[in-house]
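Reading through the structure tokens given below for one structure.
The values are calculated or read from the model by the stated rules, or taken from the named source; none is laboratory data. Quick caveat: nothing in here was measured; it's all calculated off a predicted structure. Using ideal geometry, Cβ is built from the backbone for each residue, glycine included, and neighbour counts are taken over all protein chains shown.
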Amino acid sequence: MQKKGDSPRWQASRQLPIRGIDPANVPERYRAIITRNPFAEHFDLEVVALERGHVTLRFPFRAELTQYQGALQGGIVVAYADASLAFAVASVVAEGRDFVTTELTVQYVRPLTAGTATATAVIEHAGRTLVRGRAKVENESGQLIALCMSTFMVVDPRGPR
């Protein structure tokens with residue numbers, strides 16, 4: 001029986017939709033973010049750096065995710081930043097707890113029209129109830145694409161419905 005969030009691709013391969021991480025060595029903290037997130041299957045995500053409170057992810061430019069002017073669609077840019085923030089937040093939230101986004105703001109600086117993008121997130125505050133972080137998305141030349149700030153609420157875990 002297929003569970004929600006367990007796509008046919010996962011059922012068939014059980015491989016992570018993420019590069020740069022050995023599936024056998026994925027910390028349990030990140031396993032749910034990776035394996036129960038069908039959205040992640042739509043990105044060719046690579047983990048570049050993963051430390052407590054800091055993460056860098058790499059994404060390729062994909063023409064099928066562009067808007068009418070040929071730039072990567074803004075929502076996709078934010079999704080890249082949000083993914084990096086989720087990994088960073090997971091690294092600071094206590095075991096047995098989970099988190100949800102309560103606020104996300106973005107400032108677009110320039111379009112991404114080719115190459116790869118990196119999304120780097122840093123946790124600035126990690127309290128018992130709220131976690132605040134910043135992420136930047138840059139092109140492969142290191143030029144800023146977007147800045148994001150986000151607040152997360154620490155909650156009791158809830159399983160897939």
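Here are a few things to note about the model shown:
- Within segment 92-134, the set of residues being hydroxyl-bearing (Ser, Thr, Tyr), in contact with a strand residue (DSSP E or B) (Cβ under 7 Å, 6 or more places away or on another chain) and either assigned to a loop (DSSP other than H, G, I, E, B) or under 19 Å from residue 157 (Cβ atoms) (or both) comprises 101, 102, 129.
- Residue match in segment 120-134 (condition: loosely packed, with under 13 Cβ neighbours inside 10 Å and charged (D, E, K, R)): yes
- Pairs where the first residue, in segment 96-112, is in contact (Cβ under 8 Å) with a residue 60 or more places away in the chain and the second is aromatic (Phe, Trp, Tyr), C-beta under 6 Å, 6+ apart: none
- Any chance residue 131 is more than 14 Å from the chain's Cα centre (by Cα), hydrophobic (A, V, I, L, M, F, W, C) and either over 22 Å from residue 41 (Cβ atoms) or modelled with pLDDT of 95 or more (or both): yes
- Pairs with Cβ under 7 Å, 6+ apart, first in segment 77-95 and in contact (Cβ under 8 Å) with a residue 12 or more places away in the chain and under 15 Å from residue 151 (Cβ atoms), second acidic (Asp, Glu) and assigned to a loop (DSSP other than H, G, I, E, B): none
- Considering residues of segment 121-153 that are out of contact with any Phe, Trp or Tyr (no Cβ under 9 Å at 6 or more places or on another chain) and small (Gly, Ala, Ser) only, the residue farthest from residue 58 (Cα to Cα): 127
Results for (1) aliphatic (A, V, I, L, M); (2) at pLDDT below 95; (3) surrounded by fewer than 19 Cβ atoms within 10 Å (Cβ to Cβ), shown as yes or no for each residue.
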position	(1), (2), (3)
61	no, yes, yes
65	yes, yes, yes
80	no, yes, no
83	yes, yes, no
87	no, yes, no
90	yes, yes, no
98	no, yes, yes
103	no, no, yes
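- When every residue of segment 30-43 is checked against the conditions, none turns out to be in contact with a strand residue (DSSP E or B) (Cβ under 9 Å, 6 or more places away or on another chain), modelled with pLDDT under 95, of a type in the set (S, T, N, Q) and surrounded by fewer than 18 Cβ atoms within 10 Å (Cβ to Cβ).
- Checked against (1) free of Cβ contacts under 8 Å to residues at least 12 places away in the same chain; (2) touching an Asp or Glu at 6+ places or on another chain (Cβ under 7 Å), residue 144 meets all criteria but (1).
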